[in-house]
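The values are calculated or read from the model by the stated rules, or taken from the named source; none is laboratory data. A quick note: this is a predicted structure, and the numbers were derived from the prediction, not measured. When we count neighbours, we look across all protein chains shown, and the Cβ atoms used for this are built from the backbone with ideal geometry, even at glycine.
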């Protein structure tokens, strides 16, 4: 006997497939939500760790900025102390500066040159005098621009032919005017020259008188 199924089996299979599809869709949605939650939790944890690291770095940077500020202030204080020390040394050196200056002029003045006068204005000295020739004036300039511990940067402002007032024969000489700057040697150099300065000053006074 042949049995014929008159039930709507195709419709039933279609409903089963739809139910399976919706079940898979729901399962996929749950799996996706679980993955999103896991990734979000991991990212949140990493962000929290990074924020803690950033906070530590910010605190360390603030400490370094504070130390740098203290170092800068300390350097400024050191520079101020050095400036004060240098000012004190300059004042101490200026007390004996005329003696050192006279001694140095004696050392650097060549033969055939007689200084008539000199005038000090701050750290510059203006010299006037007589020389036997212009070559003697050039030699004096070379000496003053050399390795002098007290004088530097000579500047010849005037040179002309002149006749000595006290010369009976009307001797012609070269009269010159020049300026020269005074150095400020270190205290140790000044101490080394202090013992030699006073005898040189006496020689300078004798040499400054024109013939």
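Checked against the criterion of being outside any strand (DSSP E or B), assigned by TED's automatic domain parsing to the domain that holds residue 175 and free of Cβ contacts under 8 Å to residues at least 12 places away in the same chain, segment 118-131 has at least one qualifying residue.
Look at segment 132-145: where a residue is touching a residue at least 24 places away in the same chain (Cβ under 8 Å) and assigned by TED's automatic domain parsing to the domain that holds residue 183 and a partner is surrounded by 15 or more Cβ atoms within 10 Å (Cβ to Cβ) and assigned to a helix (DSSP H, G or I), sitting 6+ places away or on another chain with Cβ atoms under 6 Å, you get 143/108; 144/108.
Return a yes/no flag: does segment 62-73 have any residue that is in contact with a helix residue (DSSP H, G or I) (Cβ under 9 Å, 6 or more places away or on another chain), surrounded by 10 or more Cβ atoms within 10 Å (Cβ to Cβ) and either on the phi < 0 side of the Ramachandran plot or free of Cβ contacts under 8 Å to residues at least 40 places away in the same chain (or both). No - not one qualifying residue is present in segment 62-73. Among the residues of segment 97-109, is there at least one that is surrounded by fewer than 15 Cβ atoms within 10 Å (Cβ to Cβ) and at pLDDT below 85? Looking through segment 97-109, at least one residue is surrounded by fewer than 15 Cβ atoms within 10 Å (Cβ to Cβ) and at pLDDT below 85. Only residues that are touching a strand residue (DSSP E or B) at 6+ places or on another chain (Cβ under 6 Å) and at pLDDT below 85 were counted across segment 142-155, and they come to 4.
Right, residue 30: more than 30 Å from the chain's Cα centre (by Cα) and more than 30 Å from residue 183 (Cβ to Cβ) or not? The answer is yes for residue 30.
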